[in-house]
Amino acid sequence: MAETPRELMNDLKSTGRQAVDTGKNLYGEAKSELKSQMSDRRAEMKREWTDRYETIKHRAQDAYESSEDFVKDHPLATVLGACAVGFVAGMIARRRRQ
């Protein structure tokens, strides 16, 4: 049985609408999934960087406390060392000017 051109056109329109609706649904699902994945990854990265920050912070505090203890225990060596570093830096700066 042959369909009339009008029926064929209506079937094509209906199929086109279904295809558009399916495409919109797939796009919405993909967009939602991508947002979810990005949110999960963002949270994971934040946790990782927070852990790294805390580790670096504790190491810096330990280094500061160690250097402070060394300066308190060896004040003369610290002052002489600072003078030596200043002298060498001055010699290098003087040499560059000439």
Looking at (1) over 42 Å from the mean Cα position of the chain (by Cα); (2) in a helix (DSSP H, G or I), which is the only condition GLU3 fails? (2)
Quick one: CYS83 ticks every box in (1) at pLDDT below 95; (2) over 38 Å from the mean Cα position of the chain (by Cα); (3) open to solvent by 70 Å² or more (accessible area, probe 1.4 Å) except a single one, so which number is it? (1)
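The values are calculated or read from the model by the stated rules, or taken from the named source; none is laboratory data. It should be emphasised that the depicted structure is a prediction, and the values quoted were computed from it without experimental measurement. For the accessible areas, the whole protein counts, side chains as well, though only heavy atoms, and no ligand, DNA or RNA atoms are used. Shrake-Rupley method; radii C 1.70, N 1.55, O 1.52, S 1.80 Å.
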